[in-house]
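*Asks:* Below is the structure I would like to discuss, written out as structure tokens.
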Amino acid sequence: MEEKNNLMEKIVSLCKRRGFVYPGSEIYGGFSGFWDYGPLGVELKNNIKQLWWRRFVQERDDMYGLDAAIVMNPRAWEASGHVAGFADPMEDGSSFNTMFQTHVGAGKEAMVAYLRPETAGGIFLNFKNVVDSLHPKLPFGIAQIGKAFRNEIAPRDFVFRSREFEQMEVEYFVRSSEWEGNFEAWRTSIMEFISAVGITKDLVHELEVGDSARAHYSKRTIDFEFDFPFGRKELYGLAYRGDFDLSAHEAGSAQNLKYTEEGEEPFLPHVIEPSFGVDRTMLAVLTSAYTEDELGGEPRTYLKLNPAVAPIKAAVFPLLKNKPELVAKAREIYSSLKSLVPSVQFDDNGNIGKRYRRQDEVGTPWCITVDFDTLQDGTVTMRERDTGAQERIPASELAALLKSRINA
Ligand code: ATP
């Protein structure tokens, strides 16, 4: 356990030191439950979101994207049951609604509204819009990535439980008779995403949520748990919610939200909801990637990040920084590479060993060194992060090679 806590401390410290995640409002003493993503963290987080969006929206024919407003008409949260029931128990036995309140409008006109505690609500409110404008046929899904807010009573464990966080959610609409097959398909898709993003599969465990712990409207729920350094905790959820949400919003809005296909009676589709936390994904990715080993007789720390999510894809160095011809050549190679492969970095600080260590620690998959041979024959050294293995390749082939390896 001590070693695991130690791992958490090391991850938090690396995140702060190298610009992944900073405590929120730090110069004012911090603000519990809020975190700021620094230059490398925002890249990692964006890459995670892009991977998810490409996989679940752009590469599929049955998925539609959405970016709904964070603040919705408060009647929606009444209809969904959140105003009455989105509560956590307090120590004294009373309960506390964890939705953040705000006020919309001025003076007497002002009304209480809420920051959304989950992104899913906006999807249900736009179900009819998407059906009317794009005419999708069942089964189909609507996907959304965005911020969610919960006034957690005890925010803790770094970005695992915070008060402002990000979710990637899908509502997948199906005919009630077809829920089981679709549920299984999502179960597989979630595990495939887990592998693709670089989370160690062996650290993920599926938990069938039993009858007593499941929401009353859900016939089946699986929690995907991950062995975080502080224990086994929920990473993602997958729930079959029947027609609970659409029927609640139909009642609350007095609008007809039924779906119909020619020759059929109108009906409310049932829904399967895979829900992914972005911040928990990042933490699981970092926990999976954090490695300490020995390379060339020296201890080192590196992040074994999947190249697709690594914040820096490659770093370009001149072998020596006091040789203007090497620096000029390295700059030239760097500039042309940067226009073709995003997130490439130039580094000429310290000696080459230090540069490797620095890049290893933030998970940069490849380091490219420009030396005197480059000036003669146009080749560079490309070093691989995990093994330290080096290969000599023509600078002109770098962009194509990197692109194919990033997407492999
Ligand atoms: P928990 O039991 O850990 O509080 P939950 O069951 O309330 O989580 P859901 O309501 O199912 O969580 O939210 C869906 C996903 O959103 C979670 O699987 C998680 O990845 C993410 N999430 C929820 N609450 C937080 C939070 N406070 N901070 C960061 N991520 C969160």
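The values are calculated or read from the model by the stated rules, or taken from the named source; none is laboratory data. Keep in mind the model is a prediction, meaning the values are calculated, not measured. Glycine gets a Cβ as well: all are built from the backbone with ideal geometry, and neighbour counts include every protein chain shown.
*Asks:* Looking at region 243-278 only, could you name the residues that are within 25 Å of M168 (Cα to Cα) and in a strand (DSSP E or B)?
*Replies:* Y259, H270, V271, I272, E273, P274, S275, F276, G277
*Asks:* Take V278 and tell me if it is within 30 Å of A84 (Cα to Cα), among the hydrophobic types (A, V, I, L, M, F, W, C) and free of Cβ contacts under 8 Å to residues at least 40 places away in the same chain. First the steps, then the outcome.
*Replies:* Working: within 30 Å of A84 (Cα to Cα): yes; among the hydrophobic types (A, V, I, L, M, F, W, C): yes; free of Cβ contacts under 8 Å to residues at least 40 places away in the same chain: no.
In short, no.
*Asks:* Here's a check for you: in region 71-85, which residue that is crowded, with 17+ Cβ neighbours inside 10 Å and touching a residue at least 60 places away in the same chain (Cβ under 8 Å) is nearest to G252 (Cα to Cα)?
*Replies:* Here the answer is A79.
Residues are listed down the side, and each one gets a yes or a no for (1) in a helix (DSSP H, G or I); (2) modelled with pLDDT of 95 or more; (3) not aliphatic (A, V, I, L, M):
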| position | (1), (2), (3) |
| --- | --- |
| V57 | yes, yes, no |
| D61 | no, yes, yes |
| A76 | yes, yes, no |
| E91 | no, no, yes |
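*Asks:* Where in region 103-198 are there helices (runs of 4 or more DSSP H), lying wholly inside it, with at least 2 residues that are over 25 Å from G81 (Cα atoms), within 14 Å of the ligand (Cβ to nearest atom) and over 17 Å from the mean Cα position of the chain (by Cα)?
*Replies:* On the way: elements: 120-125, 127-134, 179-197.
Output list is empty.
*Asks:* Moving to a separate point now. Please enumerate the residues belonging to region 27-43 that are more than 16 Å from the ligand (Cβ to nearest atom) and touching a strand residue (DSSP E or B) at 6+ places or on another chain (Cβ under 8 Å). Steps first, answer last, please.
*Replies:* The initial filter retains those residues of region 27-43 that are more than 16 Å from the ligand (Cβ to nearest atom), namely 27-30, 38-40, 42-43.
Within region 27-43, G30, G38 meet the criteria.
Each row is one residue, and each column tells you yes or no for (1) in contact with a strand residue (DSSP E or B) (Cβ under 6 Å, 6 or more places away or on another chain); (2) exposed (fewer than 15 other Cβ atoms within 10 Å of the Cβ); (3) not small (G, A, S).
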{"residue": "F149", "(1), (2), (3)": "yes, no, yes"}
{"residue": "R163", "(1), (2), (3)": "no, no, yes"}
{"residue": "E166", "(1), (2), (3)": "yes, no, yes"}
{"residue": "E169", "(1), (2), (3)": "yes, no, yes"}
{"residue": "E178", "(1), (2), (3)": "no, yes, yes"}
{"residue": "G181", "(1), (2), (3)": "no, yes, no"}
{"residue": "E184", "(1), (2), (3)": "no, yes, yes"}
{"residue": "T188", "(1), (2), (3)": "no, yes, yes"}
{"residue": "I194", "(1), (2), (3)": "yes, no, yes"}
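*Asks:* Continuing with this model, one more query. Condition test on G29, is it surrounded by fewer than 19 Cβ atoms within 10 Å (Cβ to Cβ), of a type in the set (G, A, S), in the same structural domain as G198 (by TED's automatic domain parsing) and over 27 Å from T301 (Cα atoms)?
*Replies:* Yes: the conditions hold for G29.
*Asks:* Also: As an exercise: evaluate T102 against (1) out of contact with any strand residue (DSSP E or B) (no Cβ under 8 Å at 6 or more places or on another chain); (2) without any contact (Cβ under 8 Å) to a residue 40 or more places away in the chain; (3) among the hydroxyl-bearing types (S, T, Y) and give the number of the one condition it does not meet.
*Replies:* Looking at each condition in turn, T102 falls short on (1).
*Asks:* If you check every pair at least six apart or on different chains, which have Cβ atoms under 9 Å apart with a residue in region 375-397 that is more than 24 Å from L303 (Cβ to Cβ) and assigned to a helix (DSSP H, G or I) first and a residue that is modelled with pLDDT of 95 or more and hydroxyl-bearing (S, T, Y) second?
*Replies:* Listed by first residue and then by second, the contacts come to A395/T374; A395/T379.
*Asks:* Can you say whether E234 is acidic (D, E), within 23 Å of P117 (Cα to Cα) and within 16 Å of the ligand (Cβ to nearest atom), as far as the supplied structure shows?
*Replies:* Values: acidic (D, E): yes; within 23 Å of P117 (Cα to Cα): yes; within 16 Å of the ligand (Cβ to nearest atom): yes.
Yes, satisfied.
*Asks:* Do we have any residue at all in region 283-306 that's assigned to a loop (DSSP other than H, G, I, E, B) and crowded, with 20+ Cβ neighbours inside 10 Å? Don't jump to the end; show me each part of the working.
*Replies:* Of the residues in region 283-306, the ones assigned to a loop (DSSP other than H, G, I, E, B) are 296-297, 304-306.
In the following step, the residues that additionally are crowded, with 20+ Cβ neighbours inside 10 Å were identified as 305-306.
Checked against the condition, which is being assigned to a loop (DSSP other than H, G, I, E, B) and crowded, with 20+ Cβ neighbours inside 10 Å, region 283-306 yields at least one hit.
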